[in-house]
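Chemist: Take a look at the following structure, please.
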Amino acid sequence: QAQFVESGGALVQAGGSLRLSCAGSRDTFSRTTMAWFRQPPGKQRSLIAYIDPGLRTNYADSVKGRFTISRDNTKRTVYLEMNNLEPEDTAVYYCNTNPYSRQYWGQGTQVTVSS
């Protein structure tokens, strides 16, 4: 049973912005390092950003400076603010713990960036 539900994906033009949300249900959410992953068409899923309980963040080089991860523990939600989107950002976006747990993968949310 998925523990996280992603939302906010859409079709957007290059240069546009989106904010993704990931709602969790675990009581331990606030003590968990949370992460965003993405899987482009025909490629493997990869980690792009994470935020630990102390709000320290880390980003993959491909999104650094354009994406911002944040969290609201009162809502058990983690966000991904995506700016200056590029066609290469087209992917299904997932959230999970970091390191991830296989049992927690949700359906993801599709982001498509048109050129």
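The values are calculated or read from the model by the stated rules, or taken from the named source; none is laboratory data. Here the structure is a predicted model, which means the values were calculated and not measured. For the accessible areas, the whole protein counts, side chains as well, though only heavy atoms, and no ligand, DNA or RNA atoms are used. Shrake-Rupley method; radii C 1.70, N 1.55, O 1.52, S 1.80 Å.
Chemist: What does the accessible area per residue of the chain come to in Å², with a 1.4 Å probe and no ligands, DNA or RNA counted? Walk me through the numbers before you get to the answer.
Modeler: On the way: 6180 Å² over 115 residues.
Dividing the accessible area of the chain by its residue count gives 54 Å².
Chemist: For the chain, what is the relative contact order in percent, using Cα pairs closer than 8 Å and at least 6 residues apart in sequence?
Modeler: 38
Chemist: Roughly speaking, what is the centre-to-centre gap between the range 57-115 and the range 2-39 when only Cα atoms are used, to the nearest Å?
Modeler: For the range 57-115 versus the range 2-39, the Cα centre distance is 5 Å.
Chemist: Sort all Cα-Cα distances of the range 1-49 into consecutive 5 angstrom bins from zero, then give the percent of pairs in each bin up to the one containing the longest distance.
Modeler: Using 5 Å bins, I get a P(r) of 5, 14, 20, 27, 20, 8, 6, 1 for the range 1-49.
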